[in-house]
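Worksheet: one structure, shown below.
Read-outs throughout are calculated quantities, based only on the coordinates presented, and are distinct from any laboratory measurement. Nothing here was measured: the structure is a model prediction, and the numbers come from that model. Note: ideal-geometry Cβ built from the backbone for every residue, glycine included; neighbour counts use all protein chains shown.
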Amino acid sequence: MLRQASRLLSRSVTAASSKSVTARAFSTELPSTVDSTFVESWKKVAPNMDPPQTPSSFMKPRPSTASSIPTKLTVNFVLPYASELSGKEVDMVIIPATTGQMGVLPGHVPTIAELKPGIMSVHEGTDIKKYFVSSGFAFLHANSVADIIAVEAVPLENIDASQVQKGLAEFTQKLASASTDLEKAEAQIGVEVHSAMNAALSG
Amino acid sequence: MASSAAVPFWRAAGMTYITYSNICANLVRKCLKEPYKAESMNREKVHFSLSKWADGKPQKPVLRSDAPEVF
């Protein structure tokens, strides 16, 4: 129980002091802005041992957030087999999050968004590039960097509309005739993905 | 502690996120136009070598190559 208390204490301390403290790896000296009440109670309990280091003191400090909002968003869009966009500076991206289409501008609040099958569009000046994303995640960082990862992302022109219609009909029928939970889930996924592709092609 | 927020339907049915994500990707790949479809079928191939262990020693490995059409 005492161990838990010391961990909780030091976590809140190092969170506050991590911005001013530079981590020195494997140093046995204490960071200068450590909680003195913690150190004192530690010394009372275990006077011959150094107070413990916490993981935060070994980590590099987080990159500082610029005080003024940058004018451009830096996008890294990666797929398992290719890096689609790497460090590209754009004005805005619209991502298909599970909570709806989310527009990301520079200075967006740090967010982790799960993506659903849908269109992702990258806006650069008057140039808009659209991709259909199968699913994935988007990590928006405080310094206006967006990391978007997807398993499959294709430009809309590469999708075959007749296949989409066929797939939609097939999965709607499977959904109606499914018996086990797993079959229902698979059919439901099929319906969702094909409807999203349909909407993407016609929208 | 009571269970937390509503789970997605696929997790309620016992599927993991990775399975869900791979199914979505496979469905999208199936709906591509011709040259892209052939290229993408390469990406779907999964090759793995499976060895069962007995008495602390690996038995003969089985090479498995899953065809892309199988869910």
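Meeting the requirement of 2 or more residues that are more than 9 Å from chain B (Cβ to nearest Cβ), the strands (runs of 3 or more DSSP E) wholly within region A:111-194 are A:111-115, A:118-124, A:127-133, A:136-140, A:145-150. So which residues in region A:118-128 are more than 17 Å from residue B:22 (Cα to Cα) and either crowded, with 24+ Cβ neighbours inside 10 Å or touching a residue at least 24 places away in the same chain (Cβ under 8 Å) (or both)? Within region A:118-128, A:119, A:120, A:121, A:122, A:123, A:124, A:125 qualify. On the stretch given as region B:44-65, residues that are touching a Pro at 6+ places or on another chain (Cβ under 7 Å), in a strand (DSSP E or B) and not small (Gly, Ala, Ser) total 1.
Within region B:28-46, not a single residue is surrounded by 10 or more Cβ atoms within 10 Å (Cβ to Cβ), closer than 15 Å to residue A:192 by Cα, at the interface with chain A (Cβ under 9 Å from one of its Cβ atoms) and out of contact with any helix residue (DSSP H, G or I) (no Cβ under 9 Å at 6 or more places or on another chain). Scanning region B:6-21 for residues that are within 8 Å of chain A (Cβ to nearest Cβ) and either closer than 16 Å to residue B:41 by Cβ or hydroxyl-bearing (Ser, Thr, Tyr) (or both) gives B:20, B:21.
Within region A:82-110, the set of residues being exposed (fewer than 11 other Cβ atoms within 10 Å of the Cβ), among the hydroxyl-bearing types (Ser, Thr, Tyr) and part of a loop (DSSP other than H, G, I, E, B) comprises A:99 only. Out of everything in region A:100-114 that is of a type in the set (A, V, I, L, M) and within 9 Å of the chain's Cα centre (by Cα), what residue ends up being nearest to residue A:196 (Cα to Cα)? Filtering first and then ranking leaves A:113. For the structure I just gave you, tell me whether residue B:24 is touching a Pro at 6+ places or on another chain (Cβ under 6 Å), within 9 Å of chain A (Cβ to nearest Cβ) and buried (at least 16 other Cβ atoms within 10 Å of the Cβ). For residue B:24, the condition - touching a Pro at 6+ places or on another chain (Cβ under 6 Å), within 9 Å of chain A (Cβ to nearest Cβ) and buried (at least 16 other Cβ atoms within 10 Å of the Cβ) - is met.
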